[in-house]
Ligand SMILES: [Zn+2]
C-alpha cells in the first residue's frame with residue numbers, strides 16, 4: 001500500500017533525475033479528488049496526447065475538454081523533453097481498466113492481456129501524457145523518450161518499484177493504443193537500466 005508522494009517530493013524527484021520541470025499554475029491543488037479517491041498508488045502510466053504543439057498540449061492536459069474535465073494527467077512530457085506539471089491528485093488519465101493487470105503491476109509480474117474495464121485506474125496510477133499525434137508516424141525525439149524514462153524511473157525510485165510498475169495505457173484499458181511509436185517493453189528496459 002503506497003501513499004501518493006507529497007507534491008513537493010514529486011517535483012523534487014523529477015528534478016533530481018535531471019529533468020527540466022515546468023510548474024503550471026496551481027498544479028499542486030489542481031485535481032479531481034472531489035469526485036473520487038487518489039491512492040493507494042501502484043504504478044506509472046504512459047500516454048500519448050494525439051496533439052501537436054507544446055502550448056496547446058499543455059493547456060489541454062491541464063483543462064481537459066467537454067466531457068472530460070482536467071487535469072488529464074500529472075505531467076505532460078513535450079517533444080523537447082520538458083515535464084510540465086499540470087495537476088496533482090486524482091486525474092482523468094487512466095479510466096477503467098483490468099483488475100488482473102493491476103494485480104500483476106502490484107506483484108511486478110508479467111502483464112496479462114487487458115480484456116476488462118472493471119477497475120478505477122485514476123485512483124492508482126501516476127500519469128504522464130506525452131506530446132505525439134499517435135499516428136505511428138509522428139516521431140518521438142530522443143530527448144522526449146529520455147524524459148519519459150527519467151520521469152518514470154524517478155517515481156519508481158521514490159516508491160521502491162521496479163520497471164515493471166510502469167505500463168502503457170494500451171496495457172491497461174481494452175481499445176486504447178497509446179503510447180504508439182515505441183514499445184513499452186523497450187521503455188521498461190531503459191527504465192530498468194536507469195534503476196540499476
Ligand atoms: Zn491514454
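Worth a mention:
Each row is one residue, and each column tells you yes or no for (1) in a loop (DSSP other than H, G, I, E, B); (2) touching a strand residue (DSSP E or B) at 6+ places or on another chain (Cβ under 8 Å).
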site: 100; (1), (2): no, no
site: 132; (1), (2): yes, yes
site: 147; (1), (2): no, yes
site: 155; (1), (2): no, yes
site: 161; (1), (2): yes, yes
site: 179; (1), (2): yes, yes
site: 194; (1), (2): no, no
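- For first residues located in region 172-185 and touching a residue at least 40 places away in the same chain (Cβ under 8 Å) and under 14 Å from residue 112 (Cα atoms), partners that are part of a loop (DSSP other than H, G, I, E, B) and more than 11 Å from the ligand (Cβ to nearest atom) and lie 6+ apart or on another chain with Cβ distances below 7 Å form the pairs 172/98; 172/114; 173/114; 173/117; 174/114; 174/115; 174/117.
- Every residue from region 118-134 that is without any contact (Cβ under 8 Å) to a residue 60 or more places away in the chain and crowded, with 16+ Cβ neighbours inside 10 Å: 119
- Among residues of region 79-98, those that are assigned to a loop (DSSP other than H, G, I, E, B), within 16 Å of the ligand (Cβ to nearest atom) and in contact with a strand residue (DSSP E or B) (Cβ under 8 Å, 6 or more places away or on another chain), counted: 6
- Answer from 105, 44, 76 - the residue that is more than 13 Å from the ligand (Cβ to nearest atom) and surrounded by 20 or more Cβ atoms within 10 Å (Cβ to Cβ): 105
Laboratory data are not the source of any read-out in this text; all were calculated from the coordinates shown. Only a predicted model underlies this, so the values are computations on that prediction, with no experimental measurement involved. Note that we place each Cβ from the backbone using ideal geometry, even for glycine, and neighbour counts take in every protein chain shown.
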